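K.L.:
Let me give you the structure first, and then I'll get to my questions.
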Amino acid sequence: MIKKNNKHSSHSVKALGRPAYDLLRMFKILIISKLYGYSDPEVETMLYGNLFYRRFFGLSAIDEEGKSP
């Protein structure tokens, strides 16, 4: 017989791994990248270097969110 491992049941899945990115923010990043033809590295550069984009994405001027992915 196969025993069910309760350690990874559906109730504890939320505690595993890194938290998901904000869906609306990711959608906005996708829209900007497609609209202006930015590659992923260019979007990342714009995100950290341009205050207009930071405000549009809902980040403050001093936020460090998203530096590590």
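Readers should treat all values here as calculations from the given coordinates under stated rules, not as data from a laboratory. All values reported here derive from a predicted model rather than from experimental measurement. FYI the Cβ positions are ideal-geometry reconstructions off the backbone, even for glycines, and counts take in every protein chain you see.
K.L.:
Considering only the other residues whose Cβ falls under 10 Å of the Cβ of residue 56, what net charge follows from Lys and Arg at +1 and Asp and Glu at -1?
P.N.:
Net of charged neighbours comes to +4.
K.L.:
What is the distance, in nm, between label points placed 7 Å from the Cα along the Cα-to-Cβ direction at residue 22 and at residue 51?
P.N.:
Between residue 22 and residue 51, the label points sit 1.9 nm apart.
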